[in-house]
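Q: Mind looking over this structure? Questions follow.
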Amino acid sequence: MAHDRAGKPYVKKQYYEKLAGKFNRTAKAFEYRMQNISYVLSLMGRDWLRGLKPAKNVGAQVAGQIEQLLAEAEGRQVAPIVAFEIAVRDEVKKKQLPVPTGSDSPQPFTSASTQYARDPEIKAWILQQAGGVCECCKKSAPFKAADGMPYLEVHHVRRLADQGSDQVSNAVAVCPNCHRELHYGAYSKQLVEQLYLSVERLVCE
């Protein structure tokens with residue numbers, strides 16, 4: 001992924017074959033494991049490597065370990081979410097779920113996560129340029145905020161967590177629906193390509 005972000009050439013198959021030789025598994029098996037990593041990244045709202053479409057059959061425990069390893073590799077702290085999301089998806093697949101009892105007093109917990117300093121002038125400029133219209137779906141903001149301003153969110157096309165810049169050439173104003181799709185949607189990469197074509201100020205990083 002570091003090579004991909006830097007525009008350096010790489011051959012994914014060479015990585016699979018190196019791992020296969022070290023751990024006595026097939027190269028194809030490691031390619032599939034890389035797709036499991038893509039799935040974890042997608043649940044985190046992160047970008048994944050082109051050509052390694054997310055493969056879903058990874059257990060919650062292993063997915064949590066992958067999430068932690070990714071954070072360690074990037075020197076960041078994350079609030080764990082992946083194991084929870086996979087557990088939810090596993091439950092949804094079951095037929096006729098009984099009504100759960102839940103908790104009348106959920107226990108709070110504190111977790112550390114890495115945040116990125118953002119320039120308020122960048123956000124203000126992007127919102128002003130959008131004029132209350134989503135730059136992805138081209139529809140008007142879905143509602144007005146308490147202060148009367150059209151509600152749009154600013155999205156970094158290359159995410160800050162993926163070493164994206166906080167500049168107008170990497171940011172768009174989008175409605176909440178498009179924002180979630182850009183992070184978690186099955187066709188997020190196609191939406192990104194559409195943004196690069198339709199928003200002239202964007203520069204691919």
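Q: Scan around residue 55 for amide H atoms under 5 Å from its own, H built in the peptide plane at 1.01 Å from N, and keep only partners 5 or more places away or cross-chain.
A: Those qualifying (amide H under 5 Å, at least 5 residues apart or on another chain) are 36, 38, 39.
Q: Rounded, prolate or oblate: pick one for the chain, where a ≥ b ≥ c are the square roots of the eigenvalues of its C-alpha gyration tensor, a/c under 1.5 means rounded, and failing that, prolate if a/b is larger than b/c, else oblate. Spell out each step's value before the answer.
A: Numbers: a/c = 1.93, a/b = 1.24, b/c = 1.56.
Here the chain falls in the oblate category.
Q: Step through the table entries 53/94; 22/53; 8/189; 53/144; 12/94, compare each Cα-Cα distance with 29 Å, and write down the pairs that go over it. If you can, show how the numbers build up before the last one.
A: Working: 53/94 25 Å; 22/53 24 Å; 8/189 20 Å; 53/144 37 Å; 12/94 36 Å.
From the list (53/94; 22/53; 8/189; 53/144; 12/94), the Cα-Cα distance tops 29 Å for 53/144; 12/94.
Q: In a Gaussian network model over the chain where Cα atoms closer than 10 Å are linked, find which of 83, 141, 27 has the largest mean-square fluctuation.
A: 27
Q: Please label the shape of region 32-148 as rounded, prolate or oblate, based on the square roots a ≥ b ≥ c of the eigenvalues of the alpha-carbon gyration tensor (a/c under 1.5 means rounded; beyond that, a/b larger than b/c means prolate, else oblate). Mind dumping the intermediate values first?
A: Working: a/c = 1.69, a/b = 1.40, b/c = 1.20.
In terms of gyration-tensor shape, prolate.
Q: Connecting C-alpha atoms closer than 10 Å in a GNM of the chain, tell me which of 98, 150, 54 has the biggest fluctuation.
A: Judging by the Gaussian network model, the answer is 98.
Q: Cut-off 10 angstrom, C-alpha nodes, Gaussian network model of the chain. Which of 105, 188, 169 fluctuates the most?
A: 105
Q: When only C-alpha pairs under 8 Å and at least 6 residues apart count, what is the relative contact order of the chain, in percent?
A: Numbers: 223 pairs, mean separation 30.4, N = 205.
The value is 15 percent.
Q: Something else about it: If I compute solvent accessible area with a 1.4 Å probe over the protein chains, what percent of it on region 62-120 is carbon and sulfur? Kindly include the intermediate steps, with their values, before the conclusion.
A: Values: 2850 of 4920 Å².
C and S atoms contribute 58 percent here.
Q: With +1 on the Cβ of every Lys and Arg and -1 on the Cβ of every Asp and Glu, and nothing else charged, how large is the dipole of region 14-143 about its Cα centre, in debye rounded to the nearest 20? Write down the numbers at each step before the final one.
A: Numbers: 18 positive and 13 negative charges, 128 e Å.
Taking the Cα centre of region 14-143 as origin, the dipole is about 620 debye.
Q: Here is a further query. Please calculate how many Å² of accessible area the chain carries per residue, with a 1.4 Å probe and no DNA, RNA or ligand atoms counted. If you can, show how the numbers build up before the last one.
A: Working: 13570 Å² over 205 residues.
Counting only protein heavy atoms, the per-residue value for the chain is 66 Å².
The values are calculated or read from the model by the stated rules, or taken from the named source; none is laboratory data. Remember, it's a predicted structure, so these values are computed and weren't measured experimentally. Here Cβ is always computed from backbone atoms with ideal geometry, including for glycine, and neighbour counts include all displayed protein chains. The protein model used for the area step is the full one, side chains on, heavy atoms only, and it has no ligands, DNA or RNA in it. Shrake-Rupley method; radii C 1.70, N 1.55, O 1.52, S 1.80 Å.
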